[in-house]
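Just below is one structure, and these are the notes that go with it.
The values are calculated or read from the model by the stated rules, or taken from the named source; none is laboratory data. Nothing here was measured: the structure is a model prediction, and the numbers come from that model. Here the Cβ is made from the backbone with ideal geometry for all residues, glycine too, and neighbour counts use every protein chain on show. Areas reflect the complete protein model, heavy atoms only, side chains present, ligands, DNA and RNA absent. Shrake-Rupley method; radii C 1.70, N 1.55, O 1.52, S 1.80 Å.
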Amino acid sequence: MSLTQKLTGSPSPFCSVVRASAHRRKDPRLPNYLPHVQRVGTTSSNNKTAEDINRMRSIYQLPSQTYYRQVNPRAGKFAYCTSNVFEQEVYFDKVQVIHQIGAKRDQIFLENLSQYNKQLSQVFPETPERWTSQPVPEAPCRPVKGALRWTALPTPAKDLLLQGVEEDVPIKTRKLKTQEESPKENVTWKLMVLRRMLQEWKTAWALIIEWHHETVEGLLRSLVDMHDDIRIHAIVTCATAALERPRTISQGDSDKETVGVPSIQDLPEVLQPALEAALCDKNFNVQMAAAICQYAIQSHNPLARNIMQTALLNGNNVDSWAAAQCLAVEGTASYSVIKRILHQLFNKKNEKTEQQVYMLLSHLSGKTTLTHTMLAVELNSHQWKDRIIACQTLSRISGNVCLDIKHKLIQLMWNDWNKEVRQAAAKALGQMSLGKEVHDTIRVKLGKGNSREKVEALSLIGGLKLMTAKLLPSFLNCFSDDFVAVRRAACLAAGALQIRNKMVLECLLNLTQRDPYWKIKAFAIRGMTERVAPAPQPQIC
């Protein structure tokens, strides 16, 4: 109450509000809300009572309630409540967890397509993938035992994925820029073969090599160590460094070479005596590693050549394959080397091995005809897959092919019982610059051959996607042949060729309307529908 109110005895507005609220509680007929009536002239400029009341109300306001969900609200303060999204979906919404095969251990999938990441504890000791840059050979089905402890509740995967994307964007852009700015590596086919050979040899013996952090002093100590595995590891480290070091040629380097500045050596000269001494080691595995290192630096050491010859004849599968590759790169075109290379081709049929074998055989075929002779023997194999590989290899390697091999391929193209062998032989003849002979033979068989020869010629036309102006008249006559098999083969060849020719379309329409056999009508309709599909067409020249 202000000083003027005490002196005059006029009631304050706070007292009037208290009396009004007391009268409201006594009379139950009045509403629970009493509107505030602003009186004019009852307050003065020095009245601070209303401001003090509003300030006290703002101080004692209730705190904002957070969003919690309880399992059983009737339990009161003893009920378990949580604000985690994963617990709310699993415990409250009863969403089931889906266990996917091949998923990571730190991922959780729910049936409502939600994904969460576990907060797992760190595993010690760490796996080799964390502290090495080379791939570690492992079994296809590696068992994982035990479960890791959670350090926190799972979190939604969307936020983590967005953070990872935002963080990885500048890193990826930097990598792309460095790749664009870095000069291309000048690598010959011999270096590619030696790198592939060394990588396969290390993977077979489970050797993990990190040569970037090695020192010359440490390698010298390891090369004379009393343990065989340490000496092997040091020798393979030197071979890996010699093959995997960057080999870029810039304009300045080319100018230096013209002036007479010596090029960068593969290995320091200090290591050369110790590596050559390892060729006379008492352990054959150390000798094999030392011989591989000599071929990696391309020293043409005769002692290393003798070790490779011994490993080729008497060594295990891994050492003999490495020895055959090293000797082939050097130019040794012997029977044992070619036989071991062909054995690897016919037994391990993967793309990288095929590329390796093709480069080696192309190099050896220019020095001897033994390669074509041994492949011609495989054309008579009782395994149809071996015959296909022999046809493909003959078409990929260089060198002159004798007439016997040409006649054998032509015989396989027409008379082999397997369709894939016939097509492989025809493709081999085409890639060996013998396509004119194939074309002329098909033309003769289409025009003057019997029904079986016409069916074989039509199947070859469809498989090879071959059609010329000289073959077109004989091809059109096959649609009106008396034999059902010939008309069927003509429809299939037309569908495979997808020729957009008006005469071919008229022949197919004629078969759909006038052919007495319903299967021929069906094959003609199929040839017309396949003809509509967009595909590369053969040219009619």
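Taking the criterion of being open to solvent by 70 Å² or more (accessible area, probe 1.4 Å) and within 21 Å of TYR295 (Cβ to Cβ), the only residue of segment 210-228 that qualifies is GLU214. Within segment 454-468, being in contact (Cβ under 8 Å) with a residue 24 or more places away in the chain and either open to solvent by 40 Å² or more (accessible area, probe 1.4 Å) or not β-branched (Val, Ile, Thr) (or both) holds for LYS454, VAL455, GLU456, LEU458, SER459, LEU460, GLY462, GLY463, LEU464, LYS465, LEU466, MET467.
The numbered conditions (1) at pLDDT 95 or above; (2) farther than 19 Å from TRP211 by Cβ are all true for CYS293 except (2). Would you call ILE341 surrounded by 13 or more Cβ atoms within 10 Å (Cβ to Cβ), at pLDDT below 95 and of a type in the set (A, V, I, L, M, F, W, C)? When the stated conditions are applied, ILE341 does not pass them. Condition (residue is at pLDDT 95 or above, open to solvent by less than 30 Å² (accessible area, probe 1.4 Å), touching a helix residue (DSSP H, G or I) at 6+ places or on another chain (Cβ under 7 Å) and under 29 Å from LEU412 (Cβ atoms)) applied to segment 307-320: is it met by at least one residue? For segment 307-320, residues at pLDDT 95 or above, open to solvent by less than 30 Å² (accessible area, probe 1.4 Å), touching a helix residue (DSSP H, G or I) at 6+ places or on another chain (Cβ under 7 Å) and under 29 Å from LEU412 (Cβ atoms): absent. In segment 469-514, the qualifying residues are those that are within 15 Å of LYS445 (Cα to Cα) and among the polar types (S, T, N, Q), and the one that is least open to solvent (accessible area, probe 1.4 Å) is SER474. For segment 378-407, which residues satisfy the criterion of being open to solvent by less than 50 Å² (accessible area, probe 1.4 Å), over 14 Å from SER362 (Cβ atoms) and assigned to a helix (DSSP H, G or I)? The answer is ASP386, ARG387, ILE388, ILE389, ALA390, CYS391, ILE405, LYS406.
Residues that are at pLDDT 80 or above, among the small types (Gly, Ala, Ser) and either under 28 Å from the mean Cα position of the chain (by Cα) or open to solvent by 80 Å² or more (accessible area, probe 1.4 Å) (or both) within segment 82-123 comprise just one, SER114. Considering PRO268, PRO246, which residue is exposed (fewer than 13 other Cβ atoms within 10 Å of the Cβ), over 34 Å from the mean Cα position of the chain (by Cα) and either over 23 Å from GLY331 (Cβ atoms) or at pLDDT 95 or above (or both)? The conditions single out PRO268. Please work out which residue is surrounded by the fewest Cβ atoms within 10 Å (Cβ to Cβ), limiting yourself to segment 168-209 and to residues that are small (Gly, Ala, Ser) and modelled with pLDDT of 50 or more. Checked segment 168-209; the qualifying residue surrounded by the fewest Cβ atoms within 10 Å (Cβ to Cβ) is ALA206.
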